[in-house]
1. So is Gly237 of a type in the set (Gly, Ala, Ser), part of a loop (DSSP other than H, G, I, E, B) and touching a residue at least 24 places away in the same chain (Cβ under 8 Å) or not?
2. Can you tell me which condition Gln212 does not meet? The list is (1) part of a helix (DSSP H, G or I); (2) crowded, with 16+ Cβ neighbours inside 10 Å; (3) touching a helix residue (DSSP H, G or I) at 6+ places or on another chain (Cβ under 6 Å), and all the others hold.
3. Being touching a helix residue (DSSP H, G or I) at 6+ places or on another chain (Cβ under 7 Å), at pLDDT below 75 and of a type in the set (Asp, Glu) is the filter; apply it to segment 105-162 and report the residue that is most open to solvent (accessible area, probe 1.4 Å).
4. Could you grab me the full set of residues in segment 188-204 that are over 12 Å from Lys136 (Cβ atoms) and buried (at least 16 other Cβ atoms within 10 Å of the Cβ)?
5. Hey, Val301 hits all of (1) crowded, with 17+ Cβ neighbours inside 10 Å; (2) in contact (Cβ under 8 Å) with a residue 60 or more places away in the chain but one; which does it fall short on?
6. Looking at segment 486-520 only, could you name the residues that are part of a loop (DSSP other than H, G, I, E, B) and of a type outside the set (Lys, Arg)?
7. Within the set of pairs 6 or more residues apart or between chains, which connect a residue that is over 17 Å from Arg196 (Cα atoms) inside segment 166-185 to a residue that is open to solvent by less than 70 Å² (accessible area, probe 1.4 Å) and among the aromatic types (Phe, Trp, Tyr) with Cβ atoms less than 8 Å apart?
8. Between a residue in segment 254-269 that is within 13 Å of Leu293 (Cα to Cα) and any residue that is open to solvent by 40 Å² or more (accessible area, probe 1.4 Å) and in a helix (DSSP H, G or I), which pairs come within a Cβ distance under 7 Å, given they are 6 or more apart or on different chains?
Amino acid sequence: MLFVLVGLIIVIVFIVAYGTWMRKRTFGAIDESEKRRVELMNRPIAKELSKIKQLNMAGDTETKFDKWHKDWDTIMSQSLPGIEETLFNAEELTEKYRFHKAELLIKEVNKKMDTIEKHIKEILSELNIIVESETKNREDVTPIKEIVHQIKKDIITKRSQFGRTLSVLESSIKETEDKLRKYESETENGNYLDARQILISVRKDADQLDDQIKRVPELYRDLEKTIPDQIRELRQGEQEMNEKGYLLVHLQMNSQLEEAEKHRQLLVTAVDHLELDEADEGLKGVHEQLDWLYAQLEREVVSRRRLQEITPPIEEHLDRVEGKIKQLNDETENIRDSYHITDEDLKMQRDLSKSFQKLENTFTESQGNENEEPFSVIFTKLERLKKELTDMETVADEFNAKIKALRKDEMNARQQIQQLKRQLFETKQVILKSNLPGVPGSFAAALQKAGEQLKSVYRKLDDKPLNMAIVQTLLDHAGEDIDDVFHQAEKLVDTAKFAEEMIQYGNRYRTDNPEIDQALKTAEQYFRNYDYQASVETAVRAVEKKEPKILKRAELFADRQA
């Protein structure tokens, strides 16, 4: 029973607490809705609507004002009071703890206020559009009228410059003025939005007309004066240059100028129809075509002048190169029996003569083609010929230097042979002066090989024709062998001398040490057999038994020999 009582008390407490919380929450929502209602009611809509009264209250403006005023009155007299009454009912329901119905009424109220707020925004937006349109119209109309007035004035005072476009331009300015009058009518009738669109259209038309009256005279002047003058000037220039001996057939001047004239006429028609952008673009092409023809005529004049300047130097250059090639051919023929010339070099020499003949023929033909080819073409050929002639002269000079070098190389080879011969003689003298009992077989063979190498160079120098490449190769090998044998001789003499010293030094220990005596006898036997290195090594090992420091001396000697 106690538990049931406690549970009942808990349920009662929970219900009371929940009811209190829901009551507070619902009253809060009602207060928020009421604040919003009051805020909507205090919106300065009437003040905003009063701005319209300063405008012409007619037409569309008057219609919209009446509608907005009526809508606002409905909101103030019906919608907002109805919302107030609904909120009062919600309060009563809340006092009776009928929270669900109260919340439904609050939601309904907020939805209605959302609709009211949206409608207010639409009213203010439309109102501002009208006010701003009137303001912009008032600001823009005067400058636009001034532009239209100036355009009309220019059309009247400069009518002769507009050619066949005059009637179209006059019709356009009249239409623009009609639009301005329509604008003023709409403004007086309170149709500011329509007036705004008309004024924007007038501004666009005025800008287009202003652009047209500025461009049309320039285009007509270019198409009916400048270009015809240039076409006549080019025809006259072509005739004068033909009379002076210029060949201009390759330019096809007549067909090019006829094409330019046809294009010009089409562009005049485009201007007549006020297709100015197309006319501008086409005019650029005509100018580029005529400028190209001017440049080509100028090129022919400059080419003729430069031909007169470069022809004498090229003639002199041809004579100089011809002389060098003839000298080269004579030199080559003279030395072919004495010196070997590679097939590659002989082919180059023959090709050089053939290439020169072609260049000479090209030059000769160019001098006789002045009435058959444009001067620019002849000049281009001679410029290329000039470069090829310079390259040919370089090749001829290099080949000539190579031919002359053969004799010089032979003289140098003979001088080197004499030097090597002296070096070989000095090698033999080193051996003779050392009083050695003999030399090892390997050294004798190397000495003999070096002598044979030198003799083979001698024999090769007597060949006809002389191949200096082979001679130089043999000479290099002989030089290496003689240098090698000379160093071997020096080393051999030094080794023999050191062997004698070691044997003599070890003699002091012979009587006291039979082992040293026997080793020294072996070293002497090596010495008599010309194996001086073995003699040194044997003598050093023998003496080392008594004097270990002697090994240091032997190492120093070995380092010197290395």
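1. The answer is no for Gly237.
2. Evaluating Gln212 over (1) part of a helix (DSSP H, G or I); (2) crowded, with 16+ Cβ neighbours inside 10 Å; (3) touching a helix residue (DSSP H, G or I) at 6+ places or on another chain (Cβ under 6 Å) leaves (3) as the failure.
3. Glu126
4. Of everything in segment 188-204, those that are over 12 Å from Lys136 (Cβ atoms) and buried (at least 16 other Cβ atoms within 10 Å of the Cβ) turn out to be Asn189, Gly190, Asn191, Asp194, Ile198, Val202.
5. Every listed condition holds for Val301 apart from (1).
6. Correct list: Thr511, Asp512, Asn513.
7. Close Cβ pairs (under 8 Å, with a partner that is open to solvent by less than 70 Å² (accessible area, probe 1.4 Å) and among the aromatic types (Phe, Trp, Tyr)) amount to Leu169/Phe162.
8. Leu257/Arg235
The values are calculated or read from the model by the stated rules, or taken from the named source; none is laboratory data. What you see is a predicted model; the values in this text were computed from it and never measured. Using ideal geometry, Cβ is built from the backbone for each residue, glycine included, and neighbour counts are taken over all protein chains shown. Surface accessibility is based on the protein's heavy atoms, side chains included, excluding ligands, DNA and RNA. Shrake-Rupley method; radii C 1.70, N 1.55, O 1.52, S 1.80 Å.
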